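See structure below.
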Amino acid sequence: MKFDVIVIGAGAAGLMCAITAAQRGRQVLVLDHANKPGKKILMSGGGRCNFTNMFAEPENYLSNNEHFCKSALSRYTQWDFIALVDKHGVPYHEKTLGQLFCDHKSSDILSILLDECEQAGVEIRLNHGVDRVTKTDTGFQLATNGMILASESLVIATGGLSIPTMGATGFGYDIAQQFGLNVLATRAGLVPFTITDQLKRWCTELSGTAIDCVVSCNGQSFKEAFLFTHRGLSGPAMLQISSYWQAGQEIEINLMPDGSAAEWLEAEKQNRPNTELKTLLSEKFTKKVATLMCQDWFESRALRTYNEPELASISQQLSAWKVVPSGTEGYRTAEVTLGGVDTSELSSKTMESKKVSGLYFVGEVIDVTGWLGGFNFQWAWASGFAAGEFV
Ligand code: FDA
């Protein structure tokens, strides 16, 4: 059987690409080895799919080539996807920082895509893994479920390696390598840190405690909350900075994100000199946090008894706490995969391989990774749309 376009992967990017191509009149088949389309859409955003971000800009993406994402993001913006959501009457709200979530459930977003697929005449075949891909004079041949299928254009939309239990595979990278395209080393992104050293006691005792902070690593900072867990450090701040962190590096946590720790301590010393440091810290954080700080970091005395260098050292610890994570939880819990198909192999306008005509890559399989907050779906929509216009 011959199709104009075969898309491998019925996730966010693959479905968007299929819709766009089919709306142009192309005959499109989508194959997925899973038993359901869009499994990651369904599990995203805690079940409410953070489907885009109102402030999405190229600056919110990591890639070896920071310019690559610009063209696609500018041709299919967050406002284009919001218009699609509005067209289908799906209610949504801004949670924080421009992040748009469904009011009800993630399946509302998947339903939009499946409705659009149906209207445009896209055929979706589930439980179809692809055993072999070969190039022919007129396009590609695929061996799947004992059949041979052919297409003019082939789109690889198989995503990254995160959450293997949801069907993630390295298929896209294997195909890229089969056709001689460079693939950059991959690692887990937007992932909790694990802690095994003396800080482990803090994680165990404070598990479930969230603290606002500014976290920094390798010149990048995020002002958000972090969370102690039994395994280590999580929460939006840690997930964000994990994408910038390399094994063995330290992260710096400012526990006083809204003002100067030094000025605060000095003012409190003037206002209530007889208050104990531990009492002050338990008002700012929690009693448990203050107890651990005064066991491991500071000697707790009445504020009037601290001299200037002592106050400076306390404020330094509070505003630049250095932590060296032992690792991350890896692909098992990571939201995304960093690295992947080298963008220098692809046209930023069409997502087509520069070496193999008719072969396209879209979505997370490419070395473009967004921050937490709806940016990864926006890349999936934008790159899927970009390819869909040309396949
Ligand atoms: P995606 O992974 O969505 O789809 C790939 C498809 O290919 C899957 O259907 C898979 O079954 C199929 N496939 C894989 N290998 C195959 C093979 N060998 N043969 C056939 N088919 C194959 N992002 C965001 O912006 N907002 C959010 O709220 C969240 N939330 C979130 C929660 C969790 C728990 C995770 C793990 C991730 C997120 N993300 C997110 C990230 C987001 O889900 C991700 O970036 C996009 O789904 C990527 O879209 P793709 O279409 O590229 O891959």
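The values are calculated or read from the model by the stated rules, or taken from the named source; none is laboratory data. What you see is a predicted model; the values in this text were computed from it and never measured. A quick note on method: Cβ atoms are made from the backbone with ideal geometry, for glycine too, and the neighbour counts reach across all protein chains shown. The area values use the complete protein model at the heavy-atom level, side chains included, leaving out ligands, DNA and RNA. Shrake-Rupley method; radii C 1.70, N 1.55, O 1.52, S 1.80 Å.
Side notes on the structure shown:
- Scan of region 87-106 for residues that are of a type outside the set (A, V, I, L, M, F, W, C) and open to solvent by 40 Å² or more (accessible area, probe 1.4 Å), ordered by number: Lys87, His88, Gly89, Pro91, Tyr92, His93, Glu94, Lys95, Thr96, Asp103, His104, Lys105
- Met351 meets all of the listed conditions (1) open to solvent by 10 Å² or more (accessible area, probe 1.4 Å); (2) on the phi > 0 side of the Ramachandran plot but one, namely (1).
- Elements of the type strands (runs of 3 or more DSSP E) sitting completely within region 164-266 and holding at least 2 residues that are modelled with pLDDT of 95 or more and open to solvent by 30 Å² or more (accessible area, probe 1.4 Å): these cover 183-189, 210-217, 220-228, 251-254.
- Of all residues in region 264-286, those that are more than 16 Å from Gln317 (Cβ to Cβ) have Cβ atoms under 7 Å from Cβ atoms of residues that are open to solvent by 60 Å² or more (accessible area, probe 1.4 Å) and modelled with pLDDT of 95 or more, 6 or more apart or on another chain, in Lys269/Arg304; Pro273/Arg304; Asn274/Arg304.
- For region 133-149, the tally of residues that are open to solvent by 20 Å² or more (accessible area, probe 1.4 Å), assigned to a strand (DSSP E or B) and over 15 Å from Asp32 (Cα atoms) stands at 4.
- Scanning region 297-329 for residues that are touching a residue at least 60 places away in the same chain (Cβ under 8 Å), open to solvent by 20 Å² or more (accessible area, probe 1.4 Å) and not basic (Lys, Arg) returns Ser319, Val324, Ser326, Thr328, Glu329.
- Selection of region 107-123 for residues being within 14 Å of the ligand (Cβ to nearest atom), open to solvent by less than 20 Å² (accessible area, probe 1.4 Å) and of a type in the set (A, V, I, L, M) yields Ile109, Leu110, Leu113.
- Test result for Leu161, modelled with pLDDT of 95 or more and in a strand (DSSP E or B): no
- Within region 4-63, the set of residues being β-branched (Val, Ile, Thr) and near the ligand (Cβ under 6 Å from one of its atoms) comprises Ile8 only.
- Test: residue in region 124-132 that is on the phi < 0 side of the Ramachandran plot and open to solvent by less than 20 Å² (accessible area, probe 1.4 Å): no
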